[in-house]
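The values are calculated or read from the model by the stated rules, or taken from the named source; none is laboratory data. From a predicted model like this one, the values you see are computed outputs, not experimental measurements. Note: ideal-geometry Cβ built from the backbone for every residue, glycine included; neighbour counts use all protein chains shown.
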Amino acid sequence: MHFTSDPRPGDGIVERDFTLGEIPGILWTPERVSAPVPLILLGHPGGLGRMHARLEARARQAAADGFAAATIELPGGGDRPRLRNLEAARADLRRALEAGEQVSADTLDRLVLPLVERAVPEWQTALDALLALPEIGGPVAYSGGVISIGVRLAVVEPRIVAAGLFAGSFVPRAMFDEARRVTIPLHVLLQWDDEGNDRQAALDLFDAFGSREKSLHANMGGHTGVPAFAGEDAARFFARHLR
């Protein structure tokens, strides 16, 4: 890990850019840290530049609760090299949605599964580097982003003790089997009228999770209509499991 910017302090939080090999990322820490703090990994759908404001807002909430937050760019996202197969699958997805057609299982598999296979090891490598920093000590939680990535991380990464997931992306059927192996506490957010999401599939995925502690928070509105208080509910969930 190499930090590529000077610390940018402001209003209780310090932001630093870093790279992990070719992967860009951002770390946010509370402005005043007297001991190593827990960490929340901030997932997103790709494109750190366009997502920065929303990620920073989530990081500010984490810092206010005494936690560090970090994110990395997805494979093929932002300024990272494009992945031809993923781009072709995204084009097929857009064509189906614009035509009002059901998205095929093959398209979902080609779009999501390779992304999960590439992204999860990168998140684990980032976690290795982040936990080596003196200001971060764990425990660790995962928040948001592509839900299939969160599911895989919850299964394979024992350092993650809780996850807040957003049921706002398509899920291949293969991920349902993995969901049954998830045992950590889960806080799942669902926008009831999400125009780009299969509501029944989201409910079926929630039902499949093997966690003894799991809660589903459904709100009226579309994909971008998440109410402010939903973030407050998630913050209480993370505070309960990271402190």
task: Determine which single condition L41 fails, assuming it passes every other condition in (1) modelled with pLDDT under 95; (2) closer than 14 Å to A129 by Cα; (3) not charged (D, E, K, R).
output: (1)
statement: T107 vs (1) surrounded by fewer than 22 Cβ atoms within 10 Å (Cβ to Cβ); (2) touching a residue at least 24 places away in the same chain (Cβ under 8 Å); (3) touching a helix residue (DSSP H, G or I) at 6+ places or on another chain (Cβ under 6 Å): all pass except (2)
task: Scan the range 174-192 for residues that are closer than 18 Å to F238 by Cα, in contact (Cβ under 8 Å) with a residue 40 or more places away in the chain and not in a strand (DSSP E or B) and jot them down.
output: P185
field: Top-ranked residue of the range 118-135 - restricted to ones that are assigned to a helix (DSSP H, G or I) and among the small types (G, A, S), ranked as nearest to the chain's Cα centre (by Cα)
entry: A119
Residue check, R240 surrounded by fewer than 15 Cβ atoms within 10 Å (Cβ to Cβ) and outside any loop (DSSP other than H, G, I, E, B): yes
query: Within the range 35-42, can one find any residue that is surrounded by fewer than 21 Cβ atoms within 10 Å (Cβ to Cβ) and of a type outside the set (V, I, T)?
result: yes
- prompt: Between residues in the range 19-42 that are more than 17 Å from A57 (Cβ to Cβ) and residues that are surrounded by 14 or more Cβ atoms within 10 Å (Cβ to Cβ) and of a type in the set (F, W, Y), which pairs lie under 6 Å by C-beta distance while being six or more apart or on different chains?
  reply: G25/F18; V37/F67; P38/F67
message: So for the range 63-80 (the condition being among the hydroxyl-bearing types (S, T, Y) and either exposed (fewer than 15 other Cβ atoms within 10 Å of the Cβ) or modelled with pLDDT under 95 (or both)), does at least one residue qualify?
response: no
field: Within the range 58-85, tally of residues that are free of Cβ contacts under 8 Å to residues at least 60 places away in the same chain, out of contact with any Leu (no Cβ under 9 Å at 6 or more places or on another chain) and closer than 16 Å to Y142 by Cα
entry: 2
field: Selection count where residues are assigned to a strand (DSSP E or B), at pLDDT 95 or above and closer than 12 Å to L186 by Cα, scope the range 136-166
entry: 9
Checking R84 against (1) charged (D, E, K, R); (2) surrounded by fewer than 19 Cβ atoms within 10 Å (Cβ to Cβ); (3) modelled with pLDDT of 95 or more, the condition it does not meet: (3)
statement: Taking the range 206-221 and keeping residues hydrophobic (A, V, I, L, M, F, W, C), farther than 17 Å from F238 by Cβ and either touching a strand residue (DSSP E or B) at 6+ places or on another chain (Cβ under 7 Å) or not in a loop (DSSP other than H, G, I, E, B) (or both) leaves F206, A208, F209, A218
query: Taking the stated definitions as given, is L203 part of a helix (DSSP H, G or I) and surrounded by fewer than 18 Cβ atoms within 10 Å (Cβ to Cβ)?
result: yes
statement: Those residues of the range 21-52 which are among the hydrophobic types (A, V, I, L, M, F, W, C), under 18 Å from the mean Cα position of the chain (by Cα) and farther than 18 Å from I149 by Cα amount to I26, L27, W28
- line: For the range 87-113 the number of residues that are in contact with a Phe, Trp or Tyr (Cβ under 7 Å, 6 or more places away or on another chain) and at pLDDT below 90 is 1
task: Please state which one of V156, V171 is under 19 Å from V116 (Cα atoms) and in contact (Cβ under 8 Å) with a residue 60 or more places away in the chain.
output: V171
query: What about G225, is it at pLDDT 95 or above, part of a loop (DSSP other than H, G, I, E, B), more than 18 Å from I40 (Cα to Cα) and not aliphatic (A, V, I, L, M)?
result: no
